[in-house]
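To start, the structure itself, in structure tokens.
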Amino acid sequence: MSADVGLRERKKVRTRRALVEAAIRLFDEKGYERTTVDEIAAAAEVSPRTFFTYFGSKEDVLFLQAEDRLDQLVEAVAGRGPGEPLGELLLRLYDLLVQGVDDDDELDIALSTARARLLLSEPALRARGMTLMFNQQPRVAEALQRAYPDQLDLISAAAVVGGFWGATGVAGLVAQQRGDSPEEILAAGRRAIEVIVRGVGPWASPRD
């Protein structure tokens, strides 16, 4: 029985990966709006019904493991090191996000780059990303306030979290629009956090 379960799980992983790869390639080649679910399913050699077994919409294909990454951020905040300055924690959270993208076994480097470009350039996807961030930010803010109860109230924590997401998003978008490489776009995001860190008061520890 366990062998059968393992085989089914591996098949599910392969099917999901095929759908993700097909979707990103089609979005990149044809444009997000002009690509249909039927086309994605056909490119992955499955039925549209199978597509909807894995994803609720074509948008969902590009927001991989969003809840898992949110859990990782909250855990990182809750497990901050003794005496860790807020600025250092923010930089560590950004590095954790980048590592999560790098470690994503759904995509190779080329597809990860295409996905990032789509998320930054397609209005519908940017809107979905903003909605997702707004839904996630209160939970991270609550965790941050609990981690720094003597330094932050909930509103201050919310402002820090909003600054974190806003700074990285705008910096990444500007870097992408001027044609920077994926590495430069990630560096721009980290640089944005360093700018935020300089403004978070006595906890800041910017790195040169």
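The values are calculated or read from the model by the stated rules, or taken from the named source; none is laboratory data. For clarity, every value in this text was computed on a predicted model and none was experimentally measured. When we count neighbours, we look across all protein chains shown, and the Cβ atoms used for this are built from the backbone with ideal geometry, even at glycine. For accessibility, only protein heavy atoms count, side chains too; no ligands or nucleic acids. Shrake-Rupley method; radii C 1.70, N 1.55, O 1.52, S 1.80 Å.
Among the residues of this structure, Glu21 does not count as one that is in a helix (DSSP H, G or I), in contact with a Ser or Thr (Cβ under 9 Å, 6 or more places away or on another chain) and either closer than 22 Å to Met133 by Cα or open to solvent by 30 Å² or more (accessible area, probe 1.4 Å) (or both). Surrounded by fewer than 17 Cβ atoms within 10 Å (Cβ to Cβ) and farther than 20 Å from Met130 by Cβ: is that true of Glu67 in this structure? When the stated conditions are applied, Glu67 does not pass them. The residue that is nearest to Gly166 (Cα to Cα), among those in region 133-153 that are touching a helix residue (DSSP H, G or I) at 6+ places or on another chain (Cβ under 8 Å) and of a type in the set (A, V, I, L, M, F, W, C), is Met133. β-branched (Val, Ile, Thr), modelled with pLDDT of 80 or more, more than 13 Å from the chain's Cα centre (by Cα) and open to solvent by 30 Å² or more (accessible area, probe 1.4 Å) - does that describe any residue in region 172-191? Yes, region 172-191 contains at least one residue that is β-branched (Val, Ile, Thr), modelled with pLDDT of 80 or more, more than 13 Å from the chain's Cα centre (by Cα) and open to solvent by 30 Å² or more (accessible area, probe 1.4 Å).
The listed residues are Leu86, Leu62, Leu91, and the only one of them that is crowded, with 18+ Cβ neighbours inside 10 Å and at pLDDT below 90 turns out to be Leu62.
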